[in-house]
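For reference, the structure discussed in these notes is given below.
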Amino acid sequence: MTDTAADVSRWIHAFQAEIAEHRVRLTELDAAIGDADHGTNMDRGMRAVVAKLDDAGVGVDIGSLFKTVGMTLVSSVGGASGPLYGTLFLRMATAAAGLTELNGDGWASAWDAGVAGVQARGKAEIGDKTMVDALVPASAAFAAAVGRGGSSAEAWHAAAVAARAGVKSTVPMVARKGRASYLGERSAGHQDPGATSTYLLIECGAEVLGGVARADRERGTATESVST
Ligand SMILES: [Mg+2]
């Protein structure tokens, strides 16, 4: 796999469209265990991101592109999601600094750096019912597939499958981080909104960068299957 800044930009645009499509659902998920703003916050943030990218034009430096995404999310998304998604992309920016192409190892390094940043910032581990529950297994699955010499499609497919399983795993969890943790046991039985938007991010990568057909990934089920 070798992706250019233009490819990465297509992924970001696809994520913006995906967030817009699932905005209401994400806010409903947040209404159950949070403050009912995840969909509107992420929608506002990603609209700002694509406006910024469209204004600036896509350069050749993938690190700079990720930095623009991260900075814009930090400044335009409220709550915990702005700093966390911003950190994800800012750390990916550092890992991809000066690169005009990302190969499998480059992507794996970027994901690893981004995930480490999110965990350091949010102090969340697997099982805390946060975006980490989708992000960590997805990143690990991606790296494992690259390590086996897998193709772009195989790596993204593995990441999307892992992210989807991660989202579903949040349903029975009792939240230990963020606003949902105030609910204690009452947070159980609800799908985490941050893990859900993270799943959508990975899913868009699988589709746009991995070329994985929608049917292969049972598109949308992670946002629709929640039992509330
Ligand atoms: Mg919220």
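In table form, for the structure just shown:
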{"quantity": "Considering residues of segment 2-31 that are away from the ligand (no atom under 16 Å from the Cβ) and of a type in the set (S, T, N, Q) only, the residue modelled with the lowest pLDDT", "calculated": "Thr2"}
{"quantity": "Complete set of residues in segment 62-85 that are among the hydroxyl-bearing types (Ser, Thr, Tyr) and within 14 Å of Gln16 (Cβ to Cβ)", "calculated": "Thr68, Thr72, Ser76, Tyr85"}
{"quantity": "Per-region count, segment 32-51, residues more than 10 Å from the ligand (Cβ to nearest atom) and modelled with pLDDT of 95 or more", "calculated": "9"}
{"quantity": "Verdict on Gly78 being closer than 29 Å to Asp35 by Cα and either among the basic types (Lys, Arg) or not in a helix (DSSP H, G or I) (or both)", "calculated": "yes"}
{"quantity": "Near pairs, Cβ below 9 angstrom, 6+ apart or cross-chain, from segment 77-88 (farther than 16 Å from Ala195 by Cβ) to any residue that is within 11 Å of the ligand (Cβ to nearest atom) and among the polar types (S, T, N, Q)", "calculated": "Val77/Asn41; Gly78/Asn41; Gly82/Asn41"}
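The values are calculated or read from the model by the stated rules, or taken from the named source; none is laboratory data. Computed from a prediction, not measured in an experiment: that's the story for all the values here. Glycine also receives a Cβ, built like all others from the backbone with ideal geometry; neighbour counts cover every protein chain displayed.
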